[in-house]
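These notes are about the structure you will find just below.
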Amino acid sequence: MIELLDIVGQDAAVGLIQRALGGQRQPHAYLFAGPAGVGRRTTAVALGRTLLCDNVQTRPNNGKLHDLDADHLVRQACGACHSCRMIAAGTHPDFQMVYKELARYHDDAKVRDRVMQDLGIDVIRSFLIDPANRSSARGRGKVFIVQESELLSIAAQNALLKTLEEPPPGVRIILICRWPDRMLPTTLSRCWIVRFGPLPAAFVRNKLLEAHVGEAEAAFWAGFTEGSIGRALKLAAQDMYAIKRDVLTRLSNLSAAGGAELSEHLVKLTDNLSGQAVADAKAADGADLAKTLASRQAAGMVLELIASAYRDALTISTGSPRPRVHADQPEVPSALAERFEATELAEIIEQLAEYERLLWRNVNPKTVWDNVGITCVSAADLRL
């Protein structure tokens, strides 16, 4: 088990948590914000173990966390008591992970049969609000960790507000969120926000090499994921590297009349990726992932790949010292830098970000991809 003081590369976040643990009035709701795969979930579980531990370990900081004084008392779970062992085994009655897939365990058959698209009010009521108002089984309070909190529906967030603001005694809630701006201000205002940054690229690269990922691919994912070890390992395992190389080759060879062909390819690609994601979710634990959600996630990934190529081109065009992500395919950003002016490259990057936002707003995907093709060919400023 990884305890709080074992977390790598997140000293600022762990230091803030330690300040909260040592305060006279501890937060009853946290929001762990930051990229996926940088330790938010691991830290949340370690904090949950600390809050429920029967024998919390306390010692002076002594330089462990740079943001804290040497004599500041730092805390973490013992890892050996009955409570710690139950959390490790997944059997602690007062420790609950909350995620959208819990819908399939709901008492209502209509909820069970619903495909997973958001983290809805039915799941939040049944697996957080209601159990939070029941007595603690072991008398040390309760901890709820909500994964993918950015997927909380508006109704679910509104239902959760009272519990976030005035939870029953001993109840602690930890929301894990990648995009806090997608959540209601009323939700954010009730949480102690802890921000997680990217892990060092060298650390991520070495972890990928340890997982037998090739040198060039490891270097690419370390840079592309901006320090997200979890995301880098997942993408490498999904064989996304071959897809990225193919997409960039298509960008490099894109002719003035090739926008429609690129759009058609991207439609098929994202459809295949989303279909595979639905199948993988079903095979993993029988969950029914919504095709709409899977499509948005796949589209976001592909748009991010494309944007990173134009971002590298902008780096070349402006002479910026920023490291290039696509060092394994240097000819592609170079070709794009020759084709477009710096202002055009910046506009393309902005447009690609806008297209992703439109996909999350239920704009027809085919329309979006048609416009992506036009933008990549001409840098046209398109506003849907």
Name the single residue that is least open to solvent (accessible area, probe 1.4 Å) among those in the range 135-175 being modelled with pLDDT of 95 or more and charged (D, E, K, R).
Lys142
Quick one: which residue in Val302, Val278 is among the β-branched types (Val, Ile, Thr), at pLDDT below 90 and either over 24 Å from the mean Cα position of the chain (by Cα) or part of a helix (DSSP H, G or I) (or both)?
Val278
Pairs where the first residue, in the range 129-141, is at positive phi and the second is modelled with pLDDT of 95 or more and in a loop (DSSP other than H, G, I, E, B), C-beta under 8 Å, 6+ apart:
Gly141/Asp94
Considering each residue of the range 12-38, count those that are at pLDDT below 90 and either open to solvent by 10 Å² or more (accessible area, probe 1.4 Å) or closer than 20 Å to Gly141 by Cα (or both), and give that number.
8
Quick one: how many residues across the range 201-260 are in contact (Cβ under 8 Å) with a residue 24 or more places away in the chain, more than 26 Å from Asp271 (Cα to Cα) and basic (Lys, Arg)?
1
Please indicate, with yes or no, whether at least one residue in the range 324-346 is open to solvent by 30 Å² or more (accessible area, probe 1.4 Å), more than 30 Å from Leu119 (Cα to Cα), within 24 Å of the chain's Cα centre (by Cα) and not polar (S, T, N, Q).
yes
Check on Val377, part of a helix (DSSP H, G or I), within 28 Å of the chain's Cα centre (by Cα), crowded, with 18+ Cβ neighbours inside 10 Å and in contact (Cβ under 8 Å) with a residue 40 or more places away in the chain
no
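The values are calculated or read from the model by the stated rules, or taken from the named source; none is laboratory data. Keep in mind it's a predicted model, so treat the numbers as computed, not measured. Here Cβ is always computed from backbone atoms with ideal geometry, including for glycine, and neighbour counts include all displayed protein chains. Areas reflect the complete protein model, heavy atoms only, side chains present, ligands, DNA and RNA absent. Shrake-Rupley method; radii C 1.70, N 1.55, O 1.52, S 1.80 Å.
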